[in-house]
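Any read-out appearing in this document is the output of simple, stated calculations on the displayed coordinates, not a laboratory observation. Note that this is a predicted model, so its numbers are computed, not measured. Reconstructed Cβ throughout: ideal geometry from the backbone, glycine too, with neighbour counts over all protein chains shown.
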Amino acid sequence: MKQITIIGSGYVGTTLAAMLSNSGYQTYLLDIDQTKIDIIKTGKSHFFEAGLDSFITGGIDSGNLFPTVSYEEAIPGSDIIFSCVGTPDNRDGSSNLSFIKKATESTAVHVFKDIIFVQRSTVPVGTGRELIQIFENNTNKKVTYVSNPEFLAEGRAVLDSLNPSRIVLGSDDQKKLEDVQQLFNAIYNFAKDIDVKEFSDFASTYSNFKTKINEPNYIFTSLESAELIKVTANAFLATKISFTNATAKLADASGADITEVMNGVGADPRIGRSFLYAGLGFGGGCFPKDVSGLISNFKDNNVANPILDGVVEVNKSMPEYLLRKLQSLGSEIRDKKVAILGLSFKPGTSDARKSQSVILANLLVDRVDKVKAFDPIAMEEAKHDLSKGVELTSSIEEAVKSVDIVIIATEWPIFKELDWVLAKELMNGNIIVDGRNCLNKEEIINLGFEYVGVGR
Ligand code: UDX
């Protein structure tokens, strides 16, 4: 059986390593960060991802998962190596490929037999060719380079790994792709027959997941096409969101309701209802950097795509737009106390990178009397970008107590299901700003609140 190394213990690498080790493969999970590796050795992950820990424990207990910081230990014996390291953005929006290049160089110097190197990180089109050159400069063994972008969304990474919508494999050497296919077939067989008792924390989150497991849908392409599929998919989804948010402003101006509008628009199967939800806009570790990376990619190739500039512009405008809409209620907000509910970039994750909720909280600090904030799990990670002027509270009740305005910035279920009668008693004022259009507007108004949504 082939031996595998996964480089990078983020969402992408850790979930893949957990799945492959549970599917019977000897799998090294390699990361240069000793702290992260030490945590994974104890059978859990160093970030929050629903259900993932039981698969890490499964991998460790089976003796198949080897977390390590050593390239020397992992690479020489491995047949297939996956690169899952981060590609953050540079200040100018282009992709920072320094981590990818470093990981490729560190791998190349330890390659002593023919290998398949699978790129799973999101990279601009053309990167594969550059990395192939690094291997050619450092080893005389045959390295088959494959682009295999991941499409997993945070908060549902385990489900997306067990049941991916598609598996894109792009390479110059299509024959070698069978070896990579074998790995994904093994994950499919594992998912099909999974013993839910063994993975109870996952099964409790996704109770009927077995009915959703489909046979792998392979898409074989050239290297460059595979690279471009990933960023284009993310940029297209981001476009759907910004298109919806721009239309939400027109709905506000004209008296339409954006939810009703998009229910009607999304009923067309050619369009689809997903990613047509208006609100504060998109954030996180993928969409913002993938869109800006693709903009640079277009520029570098002297090709125009004015649509993407608009996507960024609309997204940027949303926190400010919501505040302007709030102010249009007529009352001065300078002397008001505000509670922000939710700091993660979306529910189900502790990730607060490029979170629109954090951006909104920071905007408010200079404009109102006091800003309090609460999130069920993202407060620690949010601190990184959050203004010191935002007071973090240890409960929802503490956050809403004595405030004039409550803003839902991330649609966590606990906020949607909040006892608004009790909240009203605790609050000083009666304004609810629904930054994610996740509340029942009529119910909220009937309770005596003033309601502010996005496009409704
Ligand atoms: C995304 C892609 O979905 C995934 O395929 C890719 O591999 C990585 O990027 P993720 O960043 O985890 O995944 O988040 P996603 O669930 O796609 O949401 C992105 C952002 O868009 C969130 O901030 C969310 O709140 C926002 N969003 C989503 C909307 O504002 N409206 C919508 O209708 C949908």
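3J(HN,Hα) along segment 423-433, derived from phi through the Karplus expression 6.51 cos²θ - 1.76 cosθ + 1.60 where θ = phi - 60°, amounts to 4, 5, 5, 6, 6, 8, x, 9, 9, 10, 9 Hz, with x in place of Gly and Pro. Ordering ASN163, HIS110, LEU183 by the projection of their Cα atoms onto the charge dipole of segment 100-199, which places +1 on the Cβ of Lys and Arg and -1 on the Cβ of Asp and Glu, puts HIS110 at the extreme positive end.
In a simple Cβ point-charge model (Lys, Arg +1; Asp, Glu -1; nothing else charged), segment 348-401 has a dipole of about 160 debye relative to its Cα centre. Residue separation of SER274 and ARG166 scaled by 0.36 nm, minus their Cα-Cα distance, works out to 37.1 nm of gained length. If R0 is taken as 41 Å, the Cβ-Cβ distance between SER402 and LYS41 corresponds to a FRET efficiency of 0.35.
In terms of distances greater than 24 angstrom between alpha carbons, the cross-link table entries LYS316/LYS401; LYS102/LYS230; LYS325/LYS424 yield LYS316/LYS401. Note on GLN34 and GLU105: the model spin-label points, each 7 Å out from Cα along the C-beta direction, lie 2.3 nm apart. Taking amide H positions as modeled 1.01 Å from N, with prolines and chain starts lacking one, the residues under 5 Å from ARG456 and 5 or more places away or on another chain are ILE258. The distance between label points at SER225 and LEU250 comes to 3.5 nm (points 7 Å beyond Cα on the Cα→Cβ vector). Approximating the spin labels as points 7 Å out from Cα along Cα→Cβ, the GLU443-to-ASP309 distance works out to 4.4 nm. A cut-off of 5 Å between modelled amide H atoms, ignoring neighbours fewer than 5 places along the same chain, links VAL118 with ILE81, PHE82, SER83, VAL146. Here, segment 97-253 is characterised by an Rg to Rh ratio of 1.06, where Rg is the alpha-carbon radius of gyration and Rh the Kirkwood radius. Net charge dipole, the chain: roughly 500 debye, given to the nearest 20, about the Cα centre with Cβ charges of +1 for Lys and Arg and -1 for Asp and Glu.
Segment 248-264 and segment 32-55 have their alpha-carbon centroids 43 Å apart. Each peptide in 383-396, 75-88, 347-360 receives the mean, over its residues, of other Cβ atoms within 10 Å, and ordering these scores from highest gives 347-360, 75-88, 383-396.
Helix 52-61 and the long axis of the chain differ in direction by around 30°, with both axes built from C-alpha atoms.
If only the Cβ of Lys and Arg carry +1 and only the Cβ of Asp and Glu carry -1, the dipole of segment 41-138 around its Cα centre is close to 120 debye. Peptide packing for 63-71, 441-449, 267-275 was compared via the average number of neighbouring C-beta atoms within 10 Å per residue; ordered from the highest value, the list is 63-71, 441-449, 267-275.
Rounded to whole numbers, the Karplus 3J(HN,Hα) couplings from phi for segment 27-37 are 10, 8, 10, 10, 9, 6, 8, 4, 4, 5, 5 Hz, using 6.51 cos²θ - 1.76 cosθ + 1.60 with θ = phi - 60°, and x at Gly and Pro. Amide H to amide H, with H built 1.01 Å from N, TYR218 comes under 5 Å of ILE167, counting only residues 5 or more places away or on other chains. Computed across segment 330-380, the Kirkwood hydrodynamic radius from all distinct Cα-Cα pairs reaches 11.5 Å. The angle separating the long axis of helix 98-108 from the principal Cα axis of greatest extent in the chain is about 20 degrees. Estimated purely from DSSP H runs of n ≥ 4, each contributing -39500 (n - 2.57), the mean residue ellipticity at 222 nm for the chain is -13000 deg cm²/dmol once divided by its residues. Considering only alpha-carbon pairs that sit under 8 angstrom and 6 or more positions apart, the relative contact order computed for the chain is 12 percent. Which part of segment 51-69 falls in the paramagnetic zone of MET1, meaning amide N under 11 Å from the point 7 Å along Cα-to-beta-carbon? Only 62-65 pass the distance filter.
Take every pair of alpha-carbon atoms less than 8 Å apart whose residues are at least six positions apart; their mean separation over the length of segment 102-237 yields a relative contact order of 30 percent. Where does helix 356-365 land angle-wise versus the long Cα axis of the chain, in degrees 0 to 90, nearest 10? Long axis of 356-365 versus the principal axis of the chain: about 40 degrees.
Karplus-derived 3J(HN,Hα) values for segment 216-221, using 6.51 cos²θ - 1.76 cosθ + 1.60 with θ = phi - 60°, are x, 9, 7, 10, 9, 9 Hz; glycine and proline are entered as x. Can you figure out the FRET efficiency of ASN140 with ASP369, using R₀ = 60 Å and their beta-carbon distance, to the nearest 0.05? Given R0 = 60 Å and the Cβ-Cβ separation, E is 0.30.
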